[in-house]
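The values are calculated or read from the model by the stated rules, or taken from the named source; none is laboratory data. As the structure is a prediction and not an experimental result, all values here were calculated from the model. Cβ sites come from the backbone with ideal geometry, for glycine too, and all protein chains shown count toward neighbours. Keep in mind that these areas ignore ligands, DNA and RNA; they rest on the heavy atoms of the full protein, side chains included. Shrake-Rupley method; radii C 1.70, N 1.55, O 1.52, S 1.80 Å.
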Amino acid sequence: MEIRGHHFLCMLGFRGLGYDEKFVKNMDEIIRKLNNEQDMLIKVVDNVDNICAMCPNNVDGECKIENYPGSVREKDRAILEVLGIEVGEILSYKKIINRIREKMTEEKMRDICRDCEWFSLGYCLEGLKKLKGGV
Ligand code: SF4
């Protein structure tokens, strides 16, 4: 499975919302799978991944909102830098989740994610707080 950097935080906040029905179903299945099989190895990327596979913004294997300042690709890289994970690295989902628990903070997440269309819902930040044991 391949997952891009920023999607690790999106998954924490997922509550059944998304771009369309196909996207939501796919994301829901991926999250369930990863939660049930936390030893599964993930290749961490900064381009389209298994979640993007069903996204209407994915045009010919490239995300329409990937390449501009503040884009999702910059978010991928900023988040991976905080987590100390290189693009292309392969590690278990459990390790990645532990890294988020240890290294990601609410402040850093706000800085990186504040202009995302989903961030203002507050779900992602609540997901992080829950992971860190604060909720
Ligand atoms: S908007 Fe882009 S990064 Fe987000 S799921 Fe769709 S294709 Fe992937």
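Entry note, the chain: the mean residue ellipticity at 222 nm calculated from DSSP H runs of n ≥ 4, each adding -39500 (n - 2.57), is -14000 deg cm²/dmol after division by the residues and rounding to the nearest 500. Antiparallel DSSP bridges in segment 2-131: what percent, to the nearest 5? The answer is about 60 percent antiparallel. Result for the chain in a Gaussian network model with C-alpha springs under 10 Å: among Asp60, Asp46, Asp28, the largest mean-square fluctuation is at Asp60. Counting charges near Ile51 (Lys, Arg +1; Asp, Glu -1) among other residues having Cβ under 11 Å from its Cβ returns a value of -3. For segment 2-131, the relative contact order works out to 34 percent when only alpha carbon pairs closer than 8 Å and six or more residues apart are counted.
A 1.4 Å probe, protein heavy atoms only, puts the accessible area of Arg15 near 130 Å². Listed by chain and number, the lysines placed with their C-alpha closer than 25 angstrom to that of Lys33 are Lys22, Lys25, Lys43, Lys75, Lys94, Lys95, Lys103, Lys129, Lys130, Lys132; residues fewer than eight positions away on the same chain are left out. What separates the Cα centres of segment 1-63 and segment 64-122 is a distance of 13 Å.
Of Gly122, Gly18, Gly88, the residue with the greatest mean-square motion in the GNM of the chain, using alpha carbon springs below 10 Å, is Gly122. Run the quick spin-label model on Glu107 and Leu131: label points 7 Å from Cα toward the beta carbon, then report their separation in nm to one decimal. Here the answer is 1.9 nm between the modelled labels. Rounded to the nearest 0.05, the FRET efficiency derived from the C-beta distance between Glu89 and Lys22 at R0 = 35 Å is 0.75.
Which value, in debye to the nearest 20, gives the size of the charge dipole of segment 1-92 about its Cα centre, when Lys and Arg are +1 and Asp and Glu are -1 at the Cβ?
Details: 11 positive and 17 negative charges, 56 e Å.
Here the size comes out at about 260 debye.
Based on alpha-carbon atoms, the Kirkwood radius and the radius of gyration of the chain give Rg/Rh equal to 0.92.
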